[in-house]
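The values are calculated or read from the model by the stated rules, or taken from the named source; none is laboratory data. Because the structure is a prediction, the values reported are computed rather than measured. Note that we place each Cβ from the backbone using ideal geometry, even for glycine, and neighbour counts take in every protein chain shown.
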Amino acid sequence: MTNVGDFDGKSTFGTREAGGDGEHLVRVGTENRQHVLGHISLIGYRGNMISPLCTGGPDESALGDPVEILISEWAKQCRDQGGLVVLPHFPDPRLENAATLVLERADAVEMCSQDDFYHSIDPYSLSDWYRYLNNGYLVPAVGGTDKMGTTWAVGTIRTYARLPDDTPFTYDAWMEAVRNARTFVTYGPLLEFDVDGREMGRRMLLTADGGTVDATWTVASATVPMTRVELVVNGEIRESRSVKADADSGYWSVHIDRSAWLALLVRAKYEDKPEMIAAHSTPVMVEVEGSPFFAAADALTILEQIEGLMAYLDTIGTRAESKRTAEMRLLLQSAYRRLHNRMHEMGFDHPHSHSTDHPEHR
Ligand SMILES: [Zn+2]
Ligand SMILES: [Zn+2]
C-alpha cells in the first residue's frame, strides 16, 4: 500500500477552491481487496478510510487473517459515505462479483487496459458484463487503466460520463452521471448513441406487441482510425457497418419483439496493429410489457458463482469469529435467494448442489 497517506476523505485536487483551474479533478479513494472474492474500487467517499483495506490472508493481507468482510459490505459502506462503487478490471478476481451485482451494490463495472495501449476492450470482460445486462441488471461500463507502475499510461482507456446540460463540472456531478449510467468507455473514439431519443442508461417501455425503434449514432476519432460500428442487442451483434476513419453517423431501425438492451460498439485499427474494440456504450434498456429481461443460461452461471462463494466461505476461507461469519453467510444467502427465486418464478429449473437443494424440487 503505497499511498494511504494521500487519502483524507475530503479533498478534490484541481478544483478552483483548491487552487486549480477546475478542468480536471483528482480524488483519492481506496481499492479494497480480497484475493479470491475480488477487488473493489471505492471512489470519492467522504470521512474515514473504509477498512480493513484487505482481508482473508495472502497475498493481500497477513498470513492467517480471517475472511472478516465481504466485497458487498465494503460497497455498502462506500455508498453510505457518499461514494461510487466500481468493480475494477472486471471480471477478475471474480468470486463475489455475482453477489455484489445481484444485491445491486455496484454502480459500474470497469473495462481495463492495464499496460497495453492496443489491448482492445476485452471481449471476455464484455461477455461477462452482458450476462448481467441480459438479466436486467443495468450497470454501466466505465474505463480504467489500473495503473500499477510506470509502464501503465493513465488515460489509455477512459470513461466519458455525460453531465446534464447546465450542470457545473464537480466531482459529485460526475459521480452522479456514472450512477445514472450516462457513460461510454473508449480508447479514443467518441460517441453519441440514443434509441428513439433515449440516451445511454435510460429505459423505455413498449407495449406487449413490441415495435420498431431507431438506434441513432454519431462517432468521431482524432486518435485511432475507426473501421466499423456495430449494434449489440441482448449481447449479439444485430447490425454492422463500416465507417469513415475520423467521423461518421447513421441509424438503424430495429424491430423489438421482446425486452432488449441496445448498445453501440466501435471497432478501430492502427495501421500496424490488429483491429480492436475501441469503444462501447452503456446500453439503452427497451422493456416490452410482459417480457422481463431473463436469460436462463446466464442466470445459472451467475447463480453458480454465488454458490461457489458460499462454498468458499464454508470450506477454504479462513474462518472469522462465528457472529461475523453468520452475518456474511446471511447476506450471501439473500443474494442467492433473490436470483434463485426469480429463476423459479420464470419457470426455469436448474441443477442443485447438495448445499442448496430444496424440497420443492422433489
Ligand atoms: Zn485491483
Ligand atoms: Zn431451485
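Some observations on this one:
- All positions within the range 61-118 that are among the charged types (D, E, K, R) and either at pLDDT below 95 or within 16 Å of ligand 1 (Cβ to nearest atom) (or both): Asp92, Arg94, Glu96, Glu110, Asp115, Asp116
- Index of the failed condition, Thr100 passing every other in (1) buried (at least 24 other Cβ atoms within 10 Å of the Cβ); (2) assigned to a loop (DSSP other than H, G, I, E, B): (2)
- Scan the range 222-239 for residues that are over 16 Å from Asp257 (Cα atoms) and among the basic types (Lys, Arg) and the total you get is 1.
- Only one of the numbered conditions (1) assigned to a loop (DSSP other than H, G, I, E, B); (2) of a type in the set (Lys, Arg); (3) within 16 Å of ligand 2 (Cβ to nearest atom) is not met by Lys273, and that is (3).
- For the range 115-137, a residue qualifies if it is in contact with a Ser or Thr (Cβ under 8 Å, 6 or more places away or on another chain) and either in a helix (DSSP H, G or I) or of a type in the set (Val, Ile, Thr) (or both), and exactly one does: Arg131.
- Residue satisfying condition, being among the aliphatic types (A, V, I, L, M) and within 22 Å of Pro140 (Cα to Cα), within set Leu330, Leu309, Leu264: Leu264
- Applying a threshold of 9 Å to beta carbon distances and a minimum spacing of six or more residues, or different chains, the list of pairs starting in the range 27-40 at a residue that is within 27 Å of Gly14 (Cα to Cα) and ending at one that is more than 10 Å from ligand 1 (Cβ to nearest atom) and of a type in the set (D, E, K, R) reads Val28/Asp6; Val28/Asp8; Ile40/Glu96.
- Within the range 62-82, tally of residues that are in contact with an Asp or Glu (Cβ under 9 Å, 6 or more places away or on another chain) and part of a loop (DSSP other than H, G, I, E, B): 4
- Selection within the range 154-163 - within 22 Å of Ala220 (Cβ to Cβ) and of a type outside the set (Lys, Arg): Gly155, Thr156, Ile157, Thr159, Tyr160, Ala161, Leu163
- When we screen Thr2, Thr12, Thr30 for residues that are modelled with pLDDT of 95 or more, farther than 30 Å from Pro123 by Cβ and among the β-branched types (Val, Ile, Thr), the only hit is Thr12.
- Given (1) in contact with a Lys or Arg (Cβ under 6 Å, 6 or more places away or on another chain); (2) not in a strand (DSSP E or B), index of the condition Glu327 fails: (1)
- Near pairs, Cβ below 9 angstrom, 6+ apart or cross-chain, from the range 342-353 (within 14 Å of Glu307 (Cα to Cα)) to any residue that is near ligand 2 (Cβ under 7 Å from one of its atoms) and in a loop (DSSP other than H, G, I, E, B): His352/His358
- Considering residues of the range 10-22 that are assigned to a loop (DSSP other than H, G, I, E, B) and in contact (Cβ under 8 Å) with a residue 60 or more places away in the chain only, the residue surrounded by the fewest Cβ atoms within 10 Å (Cβ to Cβ): Gly22
- Val266 meets each of the listed conditions (1) within 16 Å of ligand 2 (Cβ to nearest atom); (2) in contact (Cβ under 8 Å) with a residue 12 or more places away in the chain; (3) within 24 Å of the chain's Cα centre (by Cα); (4) under 26 Å from Arg203 (Cα atoms) apart from (1).
- Total residues in the range 19-50, condition within 16 Å of ligand 1 (Cβ to nearest atom) and in contact with a strand residue (DSSP E or B) (Cβ under 8 Å, 6 or more places away or on another chain): 13
- Qualifying positions in the range 125-169 - among the acidic types (Asp, Glu) and within 18 Å of the chain's Cα centre (by Cα): Asp128, Asp146
- Per-region count, the range 196-250, residues among the hydroxyl-bearing types (Ser, Thr, Tyr), more than 25 Å from Gly290 (Cβ to Cβ) and surrounded by fewer than 16 Cβ atoms within 10 Å (Cβ to Cβ): 4
- Tally, over the range 24-42, of residues that are within 26 Å of Asp172 (Cβ to Cβ), aliphatic (A, V, I, L, M) and either within 16 Å of ligand 2 (Cβ to nearest atom) or buried (at least 24 other Cβ atoms within 10 Å of the Cβ) (or both): 1
- Residue match in the range 315-328 (condition: of a type in the set (Asp, Glu) and exposed (fewer than 10 other Cβ atoms within 10 Å of the Cβ)): yes
- The residue of the range 122-151 that is nearest to ligand 2 (Cβ to nearest atom), among those that are under 22 Å from Ala260 (Cα atoms) and β-branched (Val, Ile, Thr), is Val139.
- Evaluated against (1) at pLDDT below 95; (2) away from ligand 1 (no atom under 16 Å from the Cβ), Asn135 falls short on exactly one condition, (1).
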